[in-house]
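The values are calculated or read from the model by the stated rules, or taken from the named source; none is laboratory data. Note that the coordinates shown come from a computational prediction; the quantities given were computed from them, not determined experimentally. Every residue, glycine among them, receives a Cβ derived from its backbone with ideal geometry; neighbour counts consider all protein chains shown. Heads up: the accessible areas ignore ligands, DNA and RNA and are worked out on the full protein's heavy atoms, side chains in. Shrake-Rupley method; radii C 1.70, N 1.55, O 1.52, S 1.80 Å.
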Amino acid sequence: MVYLRCMAETEKAIRQSVSIPSAIARRVQALAKRRRTSANRVIVELIETGLESREREKRTFFELADRLAHTTDASEQKRLKEALARMTFGD
C-alpha cells in the first residue's frame, strides 16, 4: 500500500456515491494503476486539485478587479477589463 502524506492530514471520510462516465472511469483506473494506488485516492486527489484551482481562479479574479478599481492608467484599465472578460466569458 502506498501511504501519502496527505492521508494523515485528511478529515474523517464520508462515503459518497458518484456516477461518472465510463471514459473518465477508465482514465481514473489507468492513473491509479500507474501510481499504484486506488481509484478512490485518484478521484479524491483530482477533486482536491479542482477545488484548489477554482479558489486560485477566484482569488485571481478579485485581484484583477481590485487592480482595475484602483488604476488610473487607461491602457491598464483596458487590459484588466479584457482579462476579466476572458475569465468571465471565456476566449
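Pull up the range 62-86, narrow it to residues that are in contact (Cβ under 8 Å) with a residue 12 or more places away in the chain and either among the charged types (D, E, K, R) or open to solvent by 70 Å² or more (accessible area, probe 1.4 Å) (or both), then point me to the one that is farthest from Ala13 (Cα to Cα). First the steps, then the outcome.
First, the residues of the range 62-86 that are in contact (Cβ under 8 Å) with a residue 12 or more places away in the chain: 64-65, 67-68, 80-81, 83-84.
Then drop every residue that is not either among the charged types (D, E, K, R) or open to solvent by 70 Å² or more (accessible area, probe 1.4 Å) (or both), which leaves 67, 81.
Values: Arg67: 40, Lys81: 42 Å.
By that ranking, first place goes to Lys81.
For Thr37, the conditions (1) part of a helix (DSSP H, G or I); (2) open to solvent by less than 70 Å² (accessible area, probe 1.4 Å) all hold with the exception of (1). Tell me, yes or no, whether the range 3-14 has at least one residue that is modelled with pLDDT under 95, touching a Ser or Thr at 6+ places or on another chain (Cβ under 9 Å), part of a loop (DSSP other than H, G, I, E, B) and open to solvent by less than 90 Å² (accessible area, probe 1.4 Å). Within the range 3-14, one or more residues are modelled with pLDDT under 95, touching a Ser or Thr at 6+ places or on another chain (Cβ under 9 Å), part of a loop (DSSP other than H, G, I, E, B) and open to solvent by less than 90 Å² (accessible area, probe 1.4 Å).
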